[in-house]
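First up is the structure itself, then whatever we jot down about it.
The values are calculated or read from the model by the stated rules, or taken from the named source; none is laboratory data. In this text the structure is predicted, and so the values were computed from the model without any measurement. For neighbour counting, all protein chains shown are included, and Cβ atoms are generated from backbone atoms with ideal geometry for every residue, glycine included. SASA here: full protein model, heavy atoms, side chains in, ligands and nucleic acids out. Shrake-Rupley method; radii C 1.70, N 1.55, O 1.52, S 1.80 Å.
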Amino acid sequence: MADRPILFSAPMVQALLREARQPGTGKTQTRRLLKPQPPEWATFCQQPSMLNVEHRWVPSGLWRWSEPEQTPRRPLRSWPVDAEGEHYWMRLPWQVGDRLWVRESWRTLQKVDCLKPRDLADDRSKVTYEADPENRNRLWALGKLRPSLFMPRWASRLTLLVTDVRVERLQDISEGDATAEGVELESADPPFHYVPGIWPHSITAVGVEEPGGRHAARSFAKLWGHINGPESWQANPWVVAVTFSVHARNIDQLAPIAEAAE
């Protein structure tokens, strides 16, 4: 288990906040490109409980790519472990039990705009978040927008506890998983699936009366294409699907919660 940062856009932060306030109404999954992508011959990925040849337990976080009909040509940022050399092993960037502290776009006060994040005082009361709608009307009083990449750990207000990690093809997402990614059903006339926070709604909207089914998954596909480019969904890359619970607290404030629950 480890503590790691993870970046989210403002609409996805809003979905995380909804989940934290009312579980079951927001975002509990995220899909990230697997890097590097597996070789073309790879057809599946699995996390076995033990090595068949050496009969020892697999260290946590190791996943196996296997293709019995073909022989791998070179290692894939990992190491073969069986006698035949037919398997590749790689360690995923996330594991069950990890704590992910969310990085998002943020601002401080104008008078400290000249300071780098590492030089700022550890004081979240002086931090505002771009995802909060109420801040849009008071930008004149706030400092410059700071990218999520440079948010320090102490400024984070959301922590995700990883409960499941799996590797799959992007297009294998289910309707339930698309909902867990933040897709919602709008009860209009006619109803449609969309991702709140992405404007205009037509960017991700898929009407329930449209032919083809899988409306929530198709809405997520439009979101993925909006973020990663028009051809990114059709490429059907391998992704890491991370499931988590959402906690509206800084990561360093979670220990007291766990102790109180015992």
Counted residues in the stretch 121-170 being more than 25 Å from Met1 (Cβ to Cβ) and more than 16 Å from the chain's Cα centre (by Cα) come to 26
Within the stretch 14-32, tally of residues that are polar (S, T, N, Q) and farther than 16 Å from Ala241 by Cβ: 3
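For (1) part of a helix (DSSP H, G or I); (2) in contact with a Gly (Cβ under 6 Å, 6 or more places away or on another chain); (3) under 26 Å from Val96 (Cβ atoms), each residue gets a yes or a no:
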{"residue": "Ala178", "(1), (2), (3)": "yes, no, yes"}
{"residue": "Gly182", "(1), (2), (3)": "no, no, yes"}
{"residue": "Gly212", "(1), (2), (3)": "no, no, no"}
{"residue": "Ala216", "(1), (2), (3)": "yes, no, yes"}
{"residue": "Gly225", "(1), (2), (3)": "yes, no, no"}
{"residue": "Val240", "(1), (2), (3)": "no, no, yes"}
{"residue": "Gln253", "(1), (2), (3)": "yes, no, yes"}
Looking at Gly143, Gly176, which is the one that is out of contact with any Lys or Arg (no Cβ under 6 Å at 6 or more places or on another chain) and either at pLDDT 95 or above or over 21 Å from Met12 (Cα atoms) (or both)? Gly176
Pairs under 7 Å by beta carbon, first residue open to solvent by 20 Å² or more (accessible area, probe 1.4 Å) in the stretch 191-210, partner among the β-branched types (Val, Ile, Thr) and outside any loop (DSSP other than H, G, I, E, B), six or more apart or different chains? Phe192/Val206; His193/Val206
One residue is enough: does the stretch 148-160 have a residue meeting the conditions touching a strand residue (DSSP E or B) at 6+ places or on another chain (Cβ under 8 Å), assigned to a helix (DSSP H, G or I), surrounded by 10 or more Cβ atoms within 10 Å (Cβ to Cβ) and modelled with pLDDT under 95? no
